[in-house]
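The values are calculated or read from the model by the stated rules, or taken from the named source; none is laboratory data. Predicted, not measured: the structure shown is a model, and the values here were computed from it. All Cβ positions, even for glycine, are placed from backbone atoms using ideal geometry, and neighbour counts span all protein chains on display. Areas reflect the complete protein model, heavy atoms only, side chains present, ligands, DNA and RNA absent. Shrake-Rupley method; radii C 1.70, N 1.55, O 1.52, S 1.80 Å.
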Amino acid sequence: MKKTLFDKVWDSHVVERSDNGPDILYIDKHLIHEVTSPQAFNELEERGIPVFRPDQIVATADHNVPTQNQHLPIKDALSRKQVNQLTINCEKNGITLYGLGHEYQGIVHVIGPELGITQPGMTMVCGDSHTSTHGAFGSIAFGIGTSQVAQVFASQCLLLSKPKSMRITVNGTLKKDIQPKDVILYIISKLGTDSGTGYFVEYAGDVFEAMSMEGRMTVCNMSIEMGARGGMIAPDQKTFDYVQGREFAPKGADFDKKVAYWKTLPTDEGSSFDAEFKFDAADIGHMITYGTNPGMGMKVTEKIPSLKNDSFKKSLKYMGFNKGESLINKPINYVFIGSCTNSRIEDFRIAAAYINGKHKAENVHALIVPGSQQVDAQIRREGLDKVFEEAGFELRQAGCSACLAMNDDKIPQGEYCVSTSNRNFEGRQGPGARTLLASPLMAAATAVAGKIIDLNA
Amino acid sequence: MEAFKKLNSTAVPIQIENIDTDQIIPARFLKATDRKGFGDNVFRDWRYHKDGTENQEFPLNDTTYSGQILIAGNNFGCGSSREHAAWALTGYGFKVIISSFFADIFKGNALNNGLLPIQVSEAFLKVLFETIQKNPETHLLVDLENQTLSIEGSDRYETFEISAYKKQCMINGYDDIDYLVNNRDKIIAFEKKNS
């Protein structure tokens, strides 16, 4: 029988399949962070159940950490307590923690791949919907709720019904300077925020084959923004080269053995999917969102569409935009380059290459937040910190930061922020804040111009 | 988990599509390390004005509406995986959420907390909104055993889907941990086979 990449990985992790019920699915790696784990630890403690496989769990503090003065105690009492609780829980249960101050600390979806924890063919979960990021390596990776975090603690397994399969193919060549973020924002704008619900997506075709691993992570990261639990890309030589030599990657003969297995994972020719979509790379332009869900995106040169439904009107009212309006020349006071979507070294290289020799506009507050301590160190090794500094950008320390504004990094009421993050929901970046999602290149250009511009003009 | 079999209640309508979990419970309220207290901040930024006063137009503050059932627009619960959204809704007192479509992770989280997500057709959702807005005293009847949702005092009803396993969990108040822990022998055998 012909099998998809998803089928191969899923089927090899089924402990038990029941005809009418869910499968027991084995989880290889469980990533945890301070916000969605404490209640799961409590639950196990209350029921007297030990953590089953602590060696397969890796923890970090990312959502709720400050991005300045990380060597000092966290000022906010509740945040401090939550981060401390993670440390206590990890110590008590023998779980590896890369907490504040550790050279490996960072956003959970940035450190997994960079440490070689993420590998093709694995099943991975985390109490965070952007766990879909790790699918870039050809693994089944998805976000779970806290009850499920407790289930994995207790059994290293989850009870799940197998999702349906979808393939999104983008063939052809991208136009000059079009970014992976543009590709995924384009796809979501075409398919909508609920099109992927109930599905696991495979991204296929020329564009993803040509894309860097960082780019593939950006694409898979946002699968959840169209409702899909996860997205995957077939592993290839680029994947193997990325994994090889990393801290927790298999070494020597083990690595070769793994690669031989990983090469068997790509979808068999002639496999069928429950849903298929195809797009032409040449149609994709620089993208930006204008509304309050990631599906409300358009090419920056387009005009906001006119829809009649109340939710659409409510969304435009919140954003302070009008239907039929162009966003070109719209003044922007805040720019955020960071988040699990776009905070890897390649993202900062792209931003720095554009910014180099220029200066941010006077009206703009521009925040650069690396995804991890290792990305931060790399930024400094490459001298990108100087580029940002000279251009008037503020380089902060690693964390989720203004993507969800749990810490002090908030966009003020009513202000617009061109952001490389993944969600433009009402109040996501702070109460009343208005988010426009875009690529690191668009964000850098906005910061320099002080307004939205057409990069091709 | 609390068991759930039947419910007879009035309902609160929020006729907005794509309600994401950031609206149900904003991130700044996720700093707690237990499950309590989230109900106070459910839909925080829609329930309160910037100056902290209540927004009387929002259905949860509108005294016309009350009950343990929330009716919401299409694609309810999209976005973040935060289970705090389910805790906020149950903490506020909801036991059932009705919509024409639910996001995956939210649906799972709801079921794991004894909060029943009922997916109805778009046409029936429209009928429900109209009925409740016209007469907020209308009672809705939820029968999990028979998988039906009906409007009291009328012959309008719809059946809904739920996995047989999750249905038994809800009816008996069981959760997945019990099931998984009881299967540890099989899990260990799987690990041995694959090591």
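Some observations on this one:
- Residues within segment A:149-163 that are more than 7 Å from chain B (Cβ to nearest Cβ) and either over 19 Å from residue A:59 (Cβ atoms) or not in a strand (DSSP E or B) (or both), tallied: 6
- Matching entry among A:362, A:302, A:346, A:325 (being in contact with a Lys or Arg (Cβ under 8 Å, 6 or more places away or on another chain) and either more than 17 Å from residue A:403 (Cα to Cα) or open to solvent by 10 Å² or more (accessible area, probe 1.4 Å) (or both)): A:325
- Selected residue (only one of A:108, A:149, A:170 is touching a residue at least 40 places away in the same chain (Cβ under 8 Å) and under 30 Å from residue B:162 (Cβ atoms)): A:149
- Close pairs (6 angstrom Cβ cut-off, 6 or more residues apart or separate chains): open to solvent by 40 Å² or more (accessible area, probe 1.4 Å) in segment A:261-287, charged (D, E, K, R) anywhere: A:268/A:2; A:268/A:3; A:270/A:2; A:274/A:164; A:276/A:167
- Filter result (open to solvent by 40 Å² or more (accessible area, probe 1.4 Å) and among the hydroxyl-bearing types (Ser, Thr, Tyr)) within segment A:78-116: A:87, A:96
- Filtered by the rule that a residue be of a type in the set (S, T, N, Q), within 22 Å of residue A:114 (Cβ to Cβ) and in contact (Cβ under 8 Å) with a residue 60 or more places away in the chain, segment A:55-97 gives A:56, A:64, A:67, A:70.
- Just so you know, in segment A:383-405 the residues that are aliphatic (A, V, I, L, M) and free of Cβ contacts under 8 Å to residues at least 40 places away in the same chain include one that is most open to solvent (accessible area, probe 1.4 Å), and it is A:395.
- Residue, farthest from the chain's Cα centre (by Cα), within segment A:164-200, restricted to residues that are of a type in the set (Ser, Thr, Tyr) and either open to solvent by 20 Å² or more (accessible area, probe 1.4 Å) or away from every other protein chain (no Cβ under 14 Å) (or both): A:173
- Of all residues in segment A:358-381, those satisfying the criterion of being closer than 21 Å to residue A:340 by Cβ and either aromatic (Phe, Trp, Tyr) or assigned to a loop (DSSP other than H, G, I, E, B) (or both) are A:369, A:370, A:371.
- Residue count for segment B:12-28, restricted to those that are of a type outside the set (Asp, Glu) and more than 13 Å from residue B:89 (Cβ to Cβ): 7
So that you can scan it fast, the table gives a plain yes or no per residue for (1) touching a residue at least 60 places away in the same chain (Cβ under 8 Å); (2) under 20 Å from residue A:318 (Cβ atoms); (3) within 12 Å of chain A (Cβ to nearest Cβ); (4) touching a Ser or Thr at 6+ places or on another chain (Cβ under 9 Å):
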| site | (1), (2), (3), (4) |
| --- | --- |
| B:39 | no, no, no, yes |
| B:70 | no, no, no, yes |
| B:73 | no, yes, yes, yes |
| B:91 | no, no, no, no |
| B:104 | no, no, yes, yes |
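- The residues of segment A:16-46 that are open to solvent by 30 Å² or more (accessible area, probe 1.4 Å), farther than 11 Å from residue A:152 by Cβ and in contact (Cβ under 8 Å) with a residue 40 or more places away in the chain amount to a single one, A:43.
- Options A:234, A:228, A:249: the member that is outside any helix (DSSP H, G or I), within 14 Å of another protein chain (Cβ to nearest Cβ) and not aromatic (Phe, Trp, Tyr): A:228
- Unmet requirement for residue B:99, which otherwise passes all of (1) of a type in the set (S, T, N, Q); (2) in contact with a strand residue (DSSP E or B) (Cβ under 9 Å, 6 or more places away or on another chain); (3) within 14 Å of chain A (Cβ to nearest Cβ); (4) over 24 Å from residue B:81 (Cα atoms): (4)
- Test: residue in segment A:425-436 that is over 16 Å from residue A:332 (Cβ atoms), open to solvent by less than 10 Å² (accessible area, probe 1.4 Å), touching a residue at least 24 places away in the same chain (Cβ under 8 Å) and among the hydrophobic types (A, V, I, L, M, F, W, C): yes
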